[in-house]
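Notes follow the structure.
A short reminder: the numbers here are calculations on the coordinates, not readings from a lab. Model, not experiment: these values are computed from the prediction. Here the Cβ positions follow ideal geometry from the backbone for every residue, glycine too, while neighbour counts run over all protein chains shown.
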Amino acid sequence: MRYLKVSSQKKLKPCQRKNMVAYVVEVHHISISRACRVLSLPNYMYYYMTVRDDSETIAKLQELAANYPTEGQDLYYGRIRTQGYKWNYKRVRRVYLLLGLNHRRKVKKRLPERAKNPLRPSAPLEMWSVDFMSDVLINQRKFRTLNVIDDFNWEAIAIKVAHSMPAIRVTALLEQIICQYDKPKCIRSNNGPEFVSKEFSV
């Protein structure tokens with residue numbers, strides 16, 4: 001048995017040593033006690049039979065994974081402890097890895113479908129499109145134009161030119177044209193900062 005030598009570079013777990021003892025006993029036909037001495041495994045550890053029952057932990061983690069698919073082990077452990085279970089972190093971690101929950105694919109959140117409106121209305125003054133354009137003067141100073149277009153006939157209802165166009169100017173221009181042309185059923189715009197500010201919403 002001189003050729004049986006356990007490398008000291010990597011420490012083996014007791015379960016791995018137990019498997020090695022079983023292999024040595026079967027292949028070299030020696031006693032279990034001798035194989036345990038060679039592999040530095042106490043006899044009682046070889047004969048020890050685990051009585052661990054993880055069925056309840058497995059069921060709980062599968063339930064949490066189904067109800068909270070975007071959360072991970074730490075959040076699951078917090079929920080488990082909040083619900084009154086006394087399982088320690090190592091046990092939850094071991095079952096979590098056993099179920100392969102650490103290899104789940106991330107699910108992309110789907111945005112709710114927007115109501116589809118026809119791009120072109122059936123009559124004038126039903127839908128306006130509001131958007132900005134920008135350019136640079138000869139002196140390298142930037143300016144912007146606020147364009148209000150009727151989507152039915154593509155008429156330019158208003159074009160406002162300024163170096164700065166905060167939300168308060170946008171609302172002032174819209175109020176001016178609404179007084180002149182009447183209020184449209186819908187105004188189409190992008191998500192620019194001028195159109196999502198509180199001033200524009202009010």
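Assorted remarks:
- Backbone phi angles across region 27-42, fed through the Karplus curve with coefficients 6.51, -1.76 and 1.60 (θ = phi - 60°), yield HN-Hα couplings of 7, 9, 6, 10, 6, 5, 4, 5, 5, 5, 5, 5, 9, 6, 10, x Hz in residue order; Gly and Pro are listed as x.
- Sorted ascending by nearby beta carbons within 10 Å, beginning with the fewest, T70, T57 become T70, T57.
- Note on W154 and E175: the extension gain reaches 5.6 nm, defined as 0.36 nm multiplied by sequence separation minus the Cα-Cα distance.
- Taking amide H as placed 1.01 Å from N in the peptide plane, W87 has no amide H partner under 5 Å among residues 5 or more places away or on another chain.
- Relative packing of 125-133, 23-31, which averages over residues the other C-beta atoms within 10 Å, highest first: 125-133, 23-31
- Label-to-label distance, D54 versus I168, with points set 7 angstrom from Cα along the beta-carbon direction: 6.4 nm.
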